[in-house]
Amino acid sequence: MTTQEQDSPILIIGAGIGGLATALALQQAGIAVRIFERTKEIRESGAGLTLWANAIRVLQELGLADLVQQLTPPAPMRAGFYTMRGKQLAQLSPQTVEEQCGGPTIAIHRVEFQAALRERLAPGTLVLDRQLIDFEQDITGVTACFVRGERVRGSLLIGADGIHSQVRQLLFPQSQPRYSGYTAWRGIATGVTLPLMGELWGRGKRFGIVPLTKERAYWFATCNTPENVAERPEGRQKELLDLFKGWHPVVSTLINATEASAILRNDISDLKPLISWSKGRVTLLGDAAHAMTPNMGQGACQALEDALILARTLRHAHSLENALDMYQQKRLARANMVITRSHRIGLVAQWEHPLACWLRDSLLALTPPQMLLKQFKPVAGYTWESSC
């Protein structure tokens with residue numbers, strides 16, 4: 001990087017996990033950075049988050065492993081896959097997962113994790129109430145243009161602004177989210193005892209259960225639904241109790257133990273794999289580049305990988321353009337692979353036909369745990385030292 005580029009900050013659009021982690025990684029490398037977030041205040045909303053071994057390795061590499069220790073619940077004795085009424089189809093122990101993936105998998109509260117990341121930022125790094133509408137770039141830098149006419153100059157612009165990224169829309173307007181065919185609800189239940197952990201699979205529906213700290217449990221529910229269906233007037237909690245009537249009693253217990261107003265609902269979408277993330281001095285990161293369905297629990301994990309690799313390439317590259325080329329070469333194919341695998345898992349998990357579901361469940365019951373984890377090993381067990 002030239003002296004002028006070193007003096008000019010890198011601009012990050014979006015203060016989610018990817019944007020925050022990238023800022024921390026860049027600051028550790030001695031690179032000036034500013035984050036611009038469109039919301040006027042930090043909203044304390046969100047549910048659970050799974051960090052697989054690949055994400056834990058990133059946090060260790062960045063010296064942030066202690067950041068999640070206090071947020072991590074004790075490892076459950078076992079988890080697994082079940083029928084809707086709780087019959088066990090497959091069992092996975094934490095030891096088996098760690099052996100296959102090369103490290104532990106932990107579950108934490110997304111809001112608490114993001115707060116911990118924000119606390120590590122240098123003062124003045126994060127700027128709220130700044131909505132990007134455009135950018136201009138030339139051979140010396142990038143100018144971010146915000147609502148109300150504010151313009152900020154930087155050496156590089158990183159779009160970490162999520163699946164509906166304004167930066168991606170400006171770079172690649174043809175790339176639009178694709179609906180997966182199902183809707184998801186998420187929540188945090190308190191004061192509950194968990195008779196089982198993992199996922200219950202039905203016909204076109206699933207219910208997942210993950211323990212957290214402080215006697216809390218993160219849960220999610222999915223149901224095949226047309227896109228943009230209007231919500232029922234009776235509210236999300238009542239709708240879920242109706243949708244999952246007849247399932248194992250833990251399902252209704254968790255739904256009832258969740259504050260009704262805090263239940264989140266989203267149509268699940270992802271991005272078709274892109275062939276490029278960058279143009280000139282502008283690049284994408286996290287969901288803006290590779291939004292994926294949550295079926296492999298890799299959304300935040302892949303964003304953390306992005307943060308580490310981008311910071312490394314920027315630290316060692318002779319020019320910013322060269323750094324973005326290297327970043328894309330190291331990350332694009334891998335992230336696109338995870339998009340594809342996660343999408344395929346979701347298709348099978350959301351099957352509705354009775355015979356197809358019976359065959360799926362029968363195969364699941366006959367498959368050894370090591371074989372089930374085989375599809376996760378290239379993802380969660382990945383190491384990047386040799387490629388950096």
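Rule-based calculations on the coordinates, nothing more; no lab input. Predicted model only: the values in this text are computed from it and were never measured. Cβ atoms come from the backbone with ideal geometry, glycine included; neighbour counts cover every protein chain shown.
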*trypsin sites (Lys or Arg not before Pro) lying in DSSP loop within the stretch 264-335, provided at most 14 other Cβ fall within 10 Å*: none
*Looking only at Cα atoms, what is the convex hull volume of the stretch 214-359 per residue, in Å³?*
167
_Cα-based shape type of the stretch 261-340, given that a ≥ b ≥ c are square roots of the gyration tensor eigenvalues and the cut on a/c is 1.5_ = prolate
*Can you work out the FRET efficiency for the pair E231 and Q69, with r the C-beta to C-beta distance and R0 = 45 Å, to the nearest 0.05?*
0.75
*With Rg and the Kirkwood Rh both taken from Cα atoms, where does Rg over Rh land for the stretch 21-140?*
1.09
*What's the percent breakdown of Cα-Cα distances in the stretch 200-248 across 10 Å bins, shortest bin first?*
20, 49, 27, 4
*Please pull out the direction-averaged projected area of the stretch 313-388, using the convex hull of its alpha-carbon atoms, in nm² to one decimal place.*
6.6
*Where labels lie 7 Å past Cα in the beta-carbon direction, separation of K279 and R85 in nm*: 5.6
*lysines near K40 by alpha-carbon distance under 18 Å, same-chain residues fewer than 8 away left out - which ones?*
none
*If you line up the long axis of helix 110-120 against the longest principal axis of the chain, both from Cα atoms, how many degrees apart are they, to the nearest 10?*
30
*asked:* On C-alpha positions alone, give me the angle between the axis of helix 320-349 and the longest principal axis of the chain, in degrees, nearest 10.
replied: 10
*Rounded to the nearest 10 degrees, what's the angle between the helix 299-316 long axis and the longest principal axis of the chain, both from Cα atoms, 0 to 90?*
20
*asked:* Using the basic label-point model (7 angstrom from Cα toward the beta carbon), what is the R43 to C145 distance in nanometres?
replied: 2.7
*In a GNM of the chain with a 10 Å cut-off on Cα contacts, which of H290, H316, H343 has the highest mean-square fluctuation?*
H316
*Could you tell me which of the pairs K87/K377; K279/K330; K330/K377 are separated by over 20 angstrom between their Cα atoms in the structure shown?*
K87/K377
*Starting from the stretch 306-388, pick out the GluC sites (Glu not before Pro) whose DSSP state is loop and whose Cβ has at most 11 other Cβ atoms within 10 Å.*
E352
*Distance in nm between label sites at M371 and Q131, each 7 Å beyond Cα in the beta-carbon direction?*
5.3
